[in-house]
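S.K.: Right, I'll just put the structure down here and ask away after.
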Amino acid sequence: MSTVNMMFTASINADKIYIDYSNLPDPISHKFVLNIQNQSVNTLYFKILSYISNWSITDPSNGQLDYVSSGDSKNYIITMSRSRPSGEVTDAGYLRVQAFTDSGYANKIGEVNLGVTVYIEDLENWTDVIINSFDDGTTQGWTISPYLSVVNDRSIEAGGYSLKTYMVTGGTSPSSFYLEKTMTLPNRNKVRINFYKSLRFSATSSYSINCYLRNVSVKVSGNKTFDIPSDIIFDHVPIGQTHDLGWYKFTADLSAYKGQTVTVRIEWQIGGWDIGVNAWSWLDRVVIAGKD
């Protein structure tokens, strides 16, 4: 976290971003959470710019984030994009957050640079690779939460299986799910975990509904190594419509636990902001990989 003259603070959920190379589209899109707290006595308007090699901000397309009231704090979901490389690469640089006093973004009063490094890594071709695709119709040793089951109605692989949540109805509280497994991690200097998620939201009422995937985390023996403590996927579903979203990929660094026997746990929540929604999620192809 960085501070500029006590006017505002800005932070991102991770300054090291890990992206698995397998099945990447061209261009690549990556979402992250930006938190801004306005500590000034005035409403401020904020803008974000990318100075990370090869990456540009695509949502919002002009980088303008709107205002944060005095003393208030907001989370923003930012999308950045780059062309798909031919193999593993590391892109370094920074994101610049600027503060303005006006909605026309003309009077800039401060800015801060947030250092970021993006690692695009070909995990499935690393030295030690464990893949749980659930394609034998079992959990493959994972303990799963209630209302989560192995199904073959959606998968990364054609005709494959995945883990599916039961139908969640919207309301004031999201529904939580998890899977966990005790294993010995690769004894390598670099250890990562990667998994895929897909979503379905259906508006069943006579009005549009806002739906979300939130609080995605990876824990190692109870310690969070990856955490998105907010809505990372947000969708507005019009009356009577169903939206199918994904697949989305999540990658976390487990290097601090290399060679150790640990319990790895993946958690997430789905739901909607009113009762007139049905929601489902799928999780597939958990990859744990290591190399020096």
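The values are calculated or read from the model by the stated rules, or taken from the named source; none is laboratory data. All of these numbers come straight from a predicted model, not from anything done at the bench. All Cβ positions, glycine included, derive from the backbone under ideal geometry; neighbour counts span all protein chains shown.
S.K.: Scan region 272-282 for residues that are under 16 Å from the mean Cα position of the chain (by Cα) and surrounded by fewer than 24 Cβ atoms within 10 Å (Cβ to Cβ) and report the count.
M.R.: Taking region 272-282 as the starting set, the residues that turn out to be under 16 Å from the mean Cα position of the chain (by Cα) are 281-282.
Next cut, surrounded by fewer than 24 Cβ atoms within 10 Å (Cβ to Cβ) only: 282.
Of the residues in region 272-282, 1 are under 16 Å from the mean Cα position of the chain (by Cα) and surrounded by fewer than 24 Cβ atoms within 10 Å (Cβ to Cβ).
S.K.: Would you mind finding the one in Met80, Met1 that is under 21 Å from the mean Cα position of the chain (by Cα) and at pLDDT below 95? Break it down stepwise before answering.
M.R.: On the way: Met80 fails: at pLDDT below 95.
The conditions single out Met1.
S.K.: Going by what's in this entry, would Leu34 be described as more than 30 Å from Val287 (Cα to Cα), modelled with pLDDT of 95 or more and not assigned by TED's automatic domain parsing to the domain that holds Val191?
M.R.: Values: more than 30 Å from Val287 (Cα to Cα): no; modelled with pLDDT of 95 or more: yes; not assigned by TED's automatic domain parsing to the domain that holds Val191: yes.
Spelling it out, it is not the case that Leu34 is more than 30 Å from Val287 (Cα to Cα), modelled with pLDDT of 95 or more and not assigned by TED's automatic domain parsing to the domain that holds Val191.
S.K.: Scan region 117-138 for residues that are more than 16 Å from Tyr21 (Cα to Cα) and either of a type in the set (Gly, Ala, Ser) or out of contact with any strand residue (DSSP E or B) (no Cβ under 6 Å at 6 or more places or on another chain) (or both) and report the count.
M.R.: Adding up the residues that qualify gives 5.
S.K.: Now for a different question. What strands (runs of 3 or more DSSP E), lying completely within region 174-226, carry at least 3 residues that are of a type in the set (Ser, Thr, Tyr) and farther than 21 Å from Asp284 by Cβ?
M.R.: Numbers: elements: 175-184, 190-203, 209-220.
Fully inside region 174-226 and qualifying: nothing.
S.K.: Does Arg192 qualify as being touching a Ser or Thr at 6+ places or on another chain (Cβ under 7 Å), in contact (Cβ under 8 Å) with a residue 60 or more places away in the chain and within 29 Å of Lys291 (Cα to Cα)?
M.R.: Numbers: touching a Ser or Thr at 6+ places or on another chain (Cβ under 7 Å): yes; in contact (Cβ under 8 Å) with a residue 60 or more places away in the chain: yes; within 29 Å of Lys291 (Cα to Cα): yes.
So Arg192 fits the description; yes.
S.K.: Next question. Of (1) at positive phi; (2) outside any strand (DSSP E or B); (3) surrounded by 16 or more Cβ atoms within 10 Å (Cβ to Cβ), Arg285 satisfies all except one. Which?
M.R.: (2)
S.K.: Then there's this: Hey, can you tell me all the residues within region 40-53 that are surrounded by fewer than 17 Cβ atoms within 10 Å (Cβ to Cβ) and not hydrophobic (A, V, I, L, M, F, W, C)?
M.R.: So in region 40-53, the residues surrounded by fewer than 17 Cβ atoms within 10 Å (Cβ to Cβ) come out as 41-43, 49, 51, 53.
Those that are surrounded by fewer than 17 Cβ atoms within 10 Å (Cβ to Cβ) and not hydrophobic (A, V, I, L, M, F, W, C): Asn42, Thr43, Tyr51, Ser53.
S.K.: If you go through region 235-263, how many residues are closer than 30 Å to Asn278 by Cα and surrounded by 14 or more Cβ atoms within 10 Å (Cβ to Cβ)? Explain how you work it out, then say what you get.
M.R.: Within region 235-263, the first condition is being closer than 30 Å to Asn278 by Cα, and the residues that meet it are 235-252.
If we keep only those that are surrounded by 14 or more Cβ atoms within 10 Å (Cβ to Cβ) as well, we get 235, 237, 243, 245-252.
So the answer is 11.
S.K.: Quick one: would you say Gly93 is over 27 Å from Arg214 (Cα atoms) and either assigned by TED's automatic domain parsing to the domain that holds Trp247 or modelled with pLDDT of 95 or more (or both)?
M.R.: Working: over 27 Å from Arg214 (Cα atoms): yes; either assigned by TED's automatic domain parsing to the domain that holds Trp247 or modelled with pLDDT of 95 or more (or both): yes.
Yes.
S.K.: Here's something else I'd like to know. What's the number of the condition Ala92 fails, among (1) among the hydrophobic types (A, V, I, L, M, F, W, C); (2) closer than 22 Å to Lys16 by Cβ; (3) surrounded by 15 or more Cβ atoms within 10 Å (Cβ to Cβ)?
M.R.: (3)
S.K.: Next question, about the same structure. Would you check if there is a residue in region 223-232 being farther than 25 Å from Phe134 by Cα, free of Cβ contacts under 8 Å to residues at least 40 places away in the same chain and exposed (fewer than 14 other Cβ atoms within 10 Å of the Cβ)?
M.R.: yes
S.K.: Of all residues being modelled with pLDDT under 95 and assigned to a strand (DSSP E or B) in region 155-173, which is farthest from Lys219 (Cα to Cα)? Just the residue, please.
M.R.: Thr169
S.K.: Please verify whether Tyr196 is in the same structural domain as Ala252 (by TED's automatic domain parsing) and surrounded by fewer than 20 Cβ atoms within 10 Å (Cβ to Cβ), treating the condition exactly as stated. Explain how you work it out, then say what you get.
M.R.: Values: in the same structural domain as Ala252 (by TED's automatic domain parsing): yes; surrounded by fewer than 20 Cβ atoms within 10 Å (Cβ to Cβ): no.
Considered against the rule, which asks whether it is in the same structural domain as Ala252 (by TED's automatic domain parsing) and surrounded by fewer than 20 Cβ atoms within 10 Å (Cβ to Cβ), Tyr196 comes out as no.
S.K.: Does Thr138 count as among the β-branched types (Val, Ile, Thr), assigned to a loop (DSSP other than H, G, I, E, B), farther than 30 Å from Asn35 by Cβ and assigned by TED's automatic domain parsing to the domain that holds Thr263? Let's see the steps before the verdict.
M.R.: Numbers: among the β-branched types (Val, Ile, Thr): yes; assigned to a loop (DSSP other than H, G, I, E, B): yes; farther than 30 Å from Asn35 by Cβ: yes; assigned by TED's automatic domain parsing to the domain that holds Thr263: yes.
The answer is yes for Thr138.
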